[in-house]
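K.L.:
Let me begin by handing over the structure; questions about it come next.
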Amino acid sequence: MKEKLRVGILTSGGDCQALNAAMRGVALALYEKNKNTEIIGIENGYEGLINGNCRSLTKDDFENILCLGGTILGSSRMPFKHINEPDENGVEKIPAMIKNYKKMGLDCLVVLGGNGSQKTANLLSENGLNVVSLPKTIDNDIAETDLTFGYASALEVAAETIEKIKTTAASHSRIFIVEIMGHKTGHLTLNAGIASGADVILIPEMPFDIIAVAEKIKRNELSGKNYSIVAVAEGAKTKQDALLSKKEYKAKMGSLSISFTLASQLRMICGKDVRVSIPGHVQRGGTPCPQDRILASRLGVAAAECIFKEKYGVMVALKNDKIVPVELSKVAGITKFVDFESDTIKQAKALGICFGE
């Protein structure tokens, strides 16, 4: 172990609950084992690394942030598909990041991020930088880990939103569509729908038939239930739309979301009042739940252990309740989708939940 460690930390991509808790876990574990550790906070994600925007942090900076939402370092999105293109100032991104990593005198870079951020972390690792990453996203769609931090907190918000909508839906005999975050995957919508007793769950992995959804609503009415709740992921598509190219689908939908299109169709087919509720970025905000605080802290400690052991090019992950390092090359570019043959889907169907099949 080095006599003095200089570790850079950045948070990249969309914010979520427990980013601060994860940074705190890394920092406290580093300080505990090596009093000469210096932590450099890189501001606003990879953008800060490109531009050299950073500040030295002290132990005091990590006090009282365990329960604080957001990120004390700020974040930004850096789409991986544009990573090899110059930025708006003509700066080559990867060479600039490598240059500033060396200029900052870092022994290691710790990255807290989602799928795109993990791909960039892997690319930096392949270019010779010492990188350790942590899996962050409310979508829980990062490969090689059972859970990502941020997911449990977002799940609480999404499930509570649907649960609260049920009372007003019942009062007015309405169909309510609640749109949950998730462009590519439906982990959050699936589990929020199950937890809140939604009648219909529509996710990107399972293109749906609008007639099947309408028939479920009509069955509810025949059984004496005067309302229906549809939990839909923002990336869900009809079976017809799933056949379109990305460009064709975008041209067809324009600025409309799937929720409002679905509401219009159900209004015509079912002849009932249909309303849409979109909690949006509320799902990312606020105090992290205890489960997220624990997971983020554990992942932070494991990241610090990797640094002490000089085990780089890895992401720390939760597998069977153990935190283990996995190679970034096995994570980068791989999305964890909902398995529509999983027990969770089968058991949800056994509860009478419709997936629009």
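K.L.:
Rounded to whole Å and sorted largest first, list the principal axis extents of the Cα atoms in the stretch 209-283.
P.N.:
Cα spread of the stretch 209-283 along its principal axes, largest to smallest: 42, 31, 16 Å.
K.L.:
How are the alpha carbon pair distances in the stretch 155-236 distributed across 10 Å bins from zero to the largest one, expressed in percent?
P.N.:
Final binned percentages: 20, 51, 27, 1.
K.L.:
Residue 225: accessible area at probe 1.4 Å, nearest 10 Å²?
P.N.:
Accessible surface of residue 225 is approximately 60 Å².
K.L.:
Continuing with this model, one more query. Given +1 on the Cβ of Lys and Arg, -1 on the Cβ of Asp and Glu, and no further charges, what dipole in debye does the stretch 28-135 carry about its Cα centre, rounded to the nearest 20?
P.N.:
In debye, rounded to 20, the stretch 28-135 gives about 200.
K.L.:
Now for a separate question. Based on Cβ point charges of +1 for Lys and Arg and -1 for Asp and Glu, what charge dipole magnitude is obtained for the chain about its Cα centre, in debye rounded to the nearest 20?
P.N.:
Taking the Cα centre of the chain as origin, the dipole is about 200 debye.
K.L.:
Another one. Multiplying the sequence separation of residue 184 and residue 77 by 0.36 nm and subtracting their Cα-Cα distance, what value in nm do you get?
P.N.:
Result for the pair: 36.8 nm of gain on full extension.
K.L.:
Another one. Counting each DSSP H run of 4 or more residues in the chain as -39500 (n - 2.57), what helix-only mean residue ellipticity at 222 nm follows after dividing by all residues, to the nearest 500 deg cm²/dmol?
P.N.:
-12000 deg cm²/dmol
K.L.:
While we're on this one: By DSSP, what percent of the beta bridges with both residues in the chain are antiparallel, rounded to the nearest 5?
P.N.:
Antiparallel bridges: around 25 percent, rounded to the nearest 5.
K.L.:
In whole percent, how big is the carbon plus sulfur part of the accessible area of the stretch 174-277, probe 1.4 Å, protein atoms only?
P.N.:
55 percent
K.L.:
Top to bottom by accessible area (1.4 Å), largest first, where do 264, 125 land?
P.N.:
264, 125
K.L.:
Suppose R0 equals 56 Å; then what is the FRET efficiency for residue 195 and residue 91 from their Cβ-Cβ distance, rounded to the nearest 0.05?
P.N.:
With a Förster radius of 56 Å, E is 0.80.
K.L.:
I would also like to ask the following. Stretched out fully, how many nm does the piece from residue 357 to residue 344 gain, at 0.36 nm a residue minus the Cα gap?
P.N.:
Answer, rounded to one decimal: 3.1 nm.
K.L.:
Now for a different question. Leaving out ligands and nucleic acids, and using a 1.4 Å probe, what accessible area per residue does the stretch 1-120 come to in Å²?
P.N.:
Value returned for the stretch 1-120: 44 Å² of accessible area per residue.
K.L.:
Oh, and also: I'd like the FRET efficiency for residue 269 and residue 32, computed as 1/(1 + (r/R0)^6) with the beta carbon distance as r and R0 of 56 Å, rounded to 0.05.
P.N.:
0.35
K.L.:
A further question follows. Taking the Cα centre of the chain as the origin and placing charges on Cβ (Lys, Arg +1; Asp, Glu -1), which of 73, 131, 335 is farthest toward the positive end of the dipole?
P.N.:
With unit charges placed on the Cβ atoms, the residue in question is 335.
K.L.:
Tell me, what is the 1.4 Å probe accessible area of residue 78, in Å² to the nearest 10?
P.N.:
30 Å²
K.L.:
Modelling each spin label as a point 7 Å along the Cα-to-Cβ direction, I'd like the residue 241/residue 291 distance in nm, to one decimal.
P.N.:
Calculated label separation equals 2.9 nm.
K.L.:
Could you give the length gained by full extension between residue 173 and residue 63, i.e. 0.36 nm per residue of separation minus their alpha carbon distance, to one decimal place?
P.N.:
Between residue 173 and residue 63, full extension yields 34.7 nm more.
K.L.:
Okay, next question. Ignoring ligands, DNA and RNA, what accessible area per residue does the stretch 234-318 give at 1.4 Å, in Å²?
P.N.:
Here the residues of the stretch 234-318 average 53 Å² of exposed surface.
K.L.:
Taking only Cα atoms of the chain, what ratio of Rg to Rh do you get with Rh as the Kirkwood inverse-distance radius?
P.N.:
1.03
K.L.:
Note down the accessible area of residue 82, probe 1.4 Å, to the nearest 10 Å².
P.N.:
Its accessible surface works out to 70 Å², give or take rounding.
K.L.:
Okay, next question. Rounded to whole Å and sorted largest first, list the principal axis extents of the Cα atoms in the stretch 102-159.
P.N.:
Largest to smallest, the principal-axis extents are 45, 20, 15 Å.
K.L.:
Carbon and sulfur together cover what percent of the accessible area of the stretch 301-356 at a 1.4 Å probe radius?
P.N.:
50 percent
The values are calculated or read from the model by the stated rules, or taken from the named source; none is laboratory data. Note that the structure is predicted; figures quoted are calculated from it, not measured. Note: ideal-geometry Cβ built from the backbone for every residue, glycine included; neighbour counts use all protein chains shown. Calculation scope for accessible area: heavy atoms of the full protein, side chains included, ligands and nucleic acids excluded. Shrake-Rupley method; radii C 1.70, N 1.55, O 1.52, S 1.80 Å.
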